[in-house]
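The values are calculated or read from the model by the stated rules, or taken from the named source; none is laboratory data. These figures come from a predicted structure and were not determined experimentally. Because the Cβ atoms are built from the backbone with ideal geometry, glycine has one as well, and the counts that use them run over all protein chains shown.
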Protein chains: 2
Amino acid sequence: MPNKKDDVYGDHISHKFNNELTELKTQFLNMGGLVESQVERAVQALVDGDGHQAEDVRAGDKRVDKMEVDLDEEATLIIARRQPTARDLRLVIAVIKMVADLERVGDEAKKIAKMAIKLSEEGQAPRGYVEIRHIATHVLSMLHDALDAFARLDSEQALRVMKEDKRVDEEYQAAARTLLTFMMEDTRNISRCMSVMWVLRALERVGDHACNIAENVIFMVKGEDVRHTPVEEAEKVVGR
Amino acid sequence: MPNKKDDVYGDHISHKFNNELTELKTQFLNMGGLVESQVERAVQALVDGDGHQAEDVRAGDKRVDKMEVDLDEEATLIIARRQPTARDLRLVIAVIKMVADLERVGDEAKKIAKMAIKLSEEGQAPRGYVEIRHIATHVLSMLHDALDAFARLDSEQALRVMKEDKRVDEEYQAAARTLLTFMMEDTRNISRCMSVMWVLRALERVGDHACNIAENVIFMVKGEDVRHTPVEEAEKVVGR
């Protein structure tokens, strides 16, 4: 029964292929979990003035980089070996793009950790910390929701993440204005306030990357590229 | 002569495939040329206090975004239709990644244009402009060389671009320190110096993206991932 045999063989291939895709998704989510914790721990180290934990975050970036390289290699191998099309291909390509976003979130965590070390050496700089905590909580929940939207292929949740980005930008602008005022009040605040400003900027970038991931989830699920389109347009795509 | 016919058919397919790859490369280089000019014109608008040209750059970012979407679609289609492997697959995947870098360079040009508008409205801020010109020239030549390395698949030139990145970082740090001094001298300088600082940061990011493109060129040519490896390691890979 050659047909039977072919089917079994075909099933075997497709079973292995599915396993590979699942493994790719799992690895991606592991990387996502790691960079989430990197950002969280960097901000905590900053707020606590804990130079030791900040050093730990800096060292941890090597693991993030390693995961980026491994995931890229795995994704490329899947394309070469399995020649996926349609939805499967969109998944693999989206992973390649989102991995770059995660790696950059890791870089932002490293920058925050560097500022944490600098600030802990200079002594406390309580000004601006409220703003940092606030924006950090916001962008971390965006990142978490974007990864969750990927895990569940939930384009509606991805859309909600996209909508948050504007609010983060507004919060960032407001925080930057507040810091500018502190700097003008007393020139001795300038250097420390600049460090806080870089941290705010890094966090705002984390929000941007979460947004990029969300756009990729919509692309994977709906097959339409919603980057550079107004949110109302993305809304229509998701509603289809 | 079925064999002859098969060959002709095969040649035809591979001829079309080659055309598609060449077209992808050309489109990528066109996008590269556009973002180069966006950065150049944004910096010129800033130095000249030319709000009109800055507006032009901001509007031009829509073209950059459009090219990103088109190139991504084209690259995905090539993978789906031609199922490239080995070197061809590396080229297509590298293009997908480098397109994201170019789009971000475009974003940085837009940010510089925004600052140019702000500064032109507030009146001249000659302080820090020397530093901006200097770093702009440096990162623009890196970007140009990285694109050139891609066009000629020249991994040695790509390696030279990677080596420049450290120098740009040093120049950026020095410029940031100078600006901090201006801010401390007179609090009335703070707001304008902050704008100049964001421009410097944007330019430093352009250098990072040029470096990413260079790393991808080495990956395409040598098949080895030199991201996150010391330059000496990349040197060995290119020397092989």
Give me a count of the residues in region B:146-204 that are assigned to a helix (DSSP H, G or I) and closer than 27 Å to A:Phe182 by Cα.
-> 32
Taking the stated definitions as given, is B:Ile135 buried (at least 16 other Cβ atoms within 10 Å of the Cβ), away from chain A (no Cβ under 14 Å) and either among the polar types (S, T, N, Q) or assigned to a helix (DSSP H, G or I) (or both)?
-> yes
Qualifying residues in region B:163-217 (those that are among the basic types (Lys, Arg) and facing chain A (nearest Cβ under 9 Å)) - the one surrounded by the most Cβ atoms within 10 Å (Cβ to Cβ) | B:Arg201
Give just the number: which of (1) at pLDDT below 95; (2) of a type outside the set (Lys, Arg); (3) surrounded by 12 or more Cβ atoms within 10 Å (Cβ to Cβ) does B:Asn3 not satisfy?
-> (3)
Out of (1) modelled with pLDDT under 95; (2) more than 10 Å from every other protein chain (Cβ to nearest Cβ), the odd one out for B:Arg58 is which?
-> (1)
In region A:37-57, anything within 22 Å of A:Ala210 (Cβ to Cβ) and buried (at least 19 other Cβ atoms within 10 Å of the Cβ) is listed as A:Gln38, A:Val39, A:Arg41, A:Ala42, A:Val43, A:Ala45, A:Leu46, A:Val57
Looking only at region A:21-33, which residues are among the hydrophobic types (A, V, I, L, M, F, W, C) and either surrounded by 18 or more Cβ atoms within 10 Å (Cβ to Cβ) or more than 14 Å from the chain's Cα centre (by Cα) (or both)?
-> A:Leu21, A:Leu24, A:Phe28, A:Met31
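Residues are listed down the side, and each one gets a yes or a no for (1) of a type outside the set (A, V, I, L, M, F, W, C); (2) part of a helix (DSSP H, G or I); (3) under 30 Å from A:Ile117 (Cβ atoms):
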position: A:Glu23; (1), (2), (3): yes, yes, no
position: A:Gly32; (1), (2), (3): yes, yes, yes
position: A:Val35; (1), (2), (3): no, yes, yes
position: A:Val43; (1), (2), (3): no, yes, yes
position: A:Leu46; (1), (2), (3): no, yes, yes
position: A:Glu55; (1), (2), (3): yes, yes, yes
position: A:Asp61; (1), (2), (3): yes, yes, yes
position: A:Glu73; (1), (2), (3): yes, yes, no
position: A:Thr76; (1), (2), (3): yes, yes, no
Taking region A:77-95 only, how many residues are over 14 Å from A:Phe17 (Cα atoms) and either surrounded by fewer than 21 Cβ atoms within 10 Å (Cβ to Cβ) or aromatic (Phe, Trp, Tyr) (or both)?
-> 2
Of the candidates B:Arg127, B:Arg81, B:Arg104, B:Arg90, the one satisfying the condition of being at pLDDT below 95 and within 14 Å of chain A (Cβ to nearest Cβ) is B:Arg81
Within region A:79-95, is even one residue assigned to a helix (DSSP H, G or I) and hydroxyl-bearing (Ser, Thr, Tyr)?
-> no
Condition set acidic (Asp, Glu) and within 22 Å of B:Ser141 (Cα to Cα), scope region B:31-55, selection nearest to the other protein chains (Cβ to nearest Cβ): answer is B:Glu36
Is it the case that region B:67-74 has a residue that's surrounded by fewer than 19 Cβ atoms within 10 Å (Cβ to Cβ), among the charged types (D, E, K, R), over 24 Å from B:Lys16 (Cβ atoms) and within 11 Å of another protein chain (Cβ to nearest Cβ)?
-> no
Kindly establish whether A:Ala202 is within 19 Å of A:His134 (Cα to Cα) and of a type in the set (A, V, I, L, M, F, W, C).
-> yes
In region A:150-171, residues that are under 14 Å from the mean Cα position of the chain (by Cα) and aliphatic (A, V, I, L, M) total 4
Read through the list (1) under 26 Å from A:Glu131 (Cβ atoms); (2) free of Cβ contacts under 8 Å to residues at least 12 places away in the same chain, then give the number of the only condition that A:Arg58 fails.
-> (2)
Positions within region B:218-238 being part of a helix (DSSP H, G or I) and either surrounded by fewer than 17 Cβ atoms within 10 Å (Cβ to Cβ) or within 11 Å of chain A (Cβ to nearest Cβ) (or both), in sequence order | B:Phe219, B:Val231, B:Glu232, B:Glu233, B:Glu235, B:Lys236
